[in-house]
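The structure appears below as structure tokens.
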Amino acid sequence: MTAAAPVDVSRPARRQRPYALLVLAVACVSVGSIFVRLAHAPALAVAFNRIFLASLVVAPFAAPSLARAWPAIAGRHRAVLLASGLSLGLHFATWISSLSFTSVAASVLLVNTAPLFTLGFSWWLLAERAEHARSDGPRHHQCGRRGLDGRELRRQQRHVVQRHGLIAAGDWAKGTNSLTGDLLALAGAVTMSLYHVIGRGLREALPLPAYILGVWSTAAATLAVLAAAARVPLFGYPLPTLGAFLALALVPTVLGHGLVNRSLRRIPAPTVGLFLLGEPLGASALAYAVFGEVPGPLTLAGGVLVLAALVVVVRSEPA
């Protein structure tokens, strides 16, 4: 009688570890809007200090990688890097500004519609529709793991726009300021999607630390220019505000997005995207706990429908 092979009890734990890290990433990202509110500073100052301090944190590890890679980067890739950082800076400027006008729930729900715009920009800017057609033949008209076809994408866009209307209707009674916040949050979604699409090829051309530092430092420079144009001071804030700036840099930016990037190495991108749709739920719960902020019924209804549509969009993306 031969001895039974030993059972590797650690294997399930190893399989679950990437998902545990992804849950932690969602929790870290969810607190971003709370720290923005706690900063009590102009939106451009909050946005700049968030990404500037995050750049300083990663610089000791990423700067050598960027210095080695920069001479070999083609001129086109350098332009793409600058455009990607510009888009990220505009994302932080618009989304953080939205939190001064509308509720955390509405702002985070709307900015999380970025995957829908990303899919549309990918078809338009990267011609991914043609790639799917060539690789899938007649099946490219179906909604599957290769992506949504044009007709289905337009249908999902119409549905999300209609559901945005519910959120806007919920904010209408609060005045034009809330609607301004909704528009700024949508602008944050569009600029975030541009950042993702523009930088997609760069992530393969550059080591990840070099890419992160290059994009984040460009975003910080963009925000510094915008702040100077608007005459918004970037420094000289009281200690509690500086603490909120540092918390924004460390928790949702360095730790949260760092864990997301690490999860993408072990978990399919659509699955990561589905987990990240938990951010509006986490942020809304935290806003209620910290500020007593309760979303209106129309905002809740619109949010549920938007998230449902985004699940369809995210699940259609290729792994």
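Annotation: Tyr237 fulfils all but one of (1) hydroxyl-bearing (Ser, Thr, Tyr); (2) over 21 Å from Ala189 (Cβ atoms); (3) outside any loop (DSSP other than H, G, I, E, B); the unmet one is (3). Of all residues in the range 6-57, which are part of a loop (DSSP other than H, G, I, E, B), modelled with pLDDT under 95 and open to solvent by less than 80 Å² (accessible area, probe 1.4 Å)? Answer for the range 6-57, where residues must be part of a loop (DSSP other than H, G, I, E, B), modelled with pLDDT under 95 and open to solvent by less than 80 Å² (accessible area, probe 1.4 Å): just Asp8.
Would a scan of the range 213-227 turn up a residue that is touching a residue at least 40 places away in the same chain (Cβ under 8 Å) and outside any helix (DSSP H, G or I)?
We begin by selecting, within the range 213-227, every residue touching a residue at least 40 places away in the same chain (Cβ under 8 Å); these are 213-224, 226-227.
From the residues that got through so far, the ones that are outside any helix (DSSP H, G or I) too are none.
No, the range 213-227 contains no residue that is touching a residue at least 40 places away in the same chain (Cβ under 8 Å) and outside any helix (DSSP H, G or I).
The single condition among (1) at pLDDT 90 or above; (2) open to solvent by 20 Å² or more (accessible area, probe 1.4 Å); (3) not basic (Lys, Arg) that Phe121 does not satisfy is (1). Against the numbered list (1) farther than 18 Å from Leu255 by Cα; (2) open to solvent by less than 40 Å² (accessible area, probe 1.4 Å), Arg76 comes up short only at (2).
The values are calculated or read from the model by the stated rules, or taken from the named source; none is laboratory data. All of these numbers come straight from a predicted model, not from anything done at the bench. So basically every Cβ, Gly included, is an ideal-geometry build from the backbone, and we count neighbours across all protein chains shown. Side chains are part of the model used for accessible areas, which takes the heavy atoms of the whole protein and leaves out ligands, DNA and RNA. Shrake-Rupley method; radii C 1.70, N 1.55, O 1.52, S 1.80 Å.
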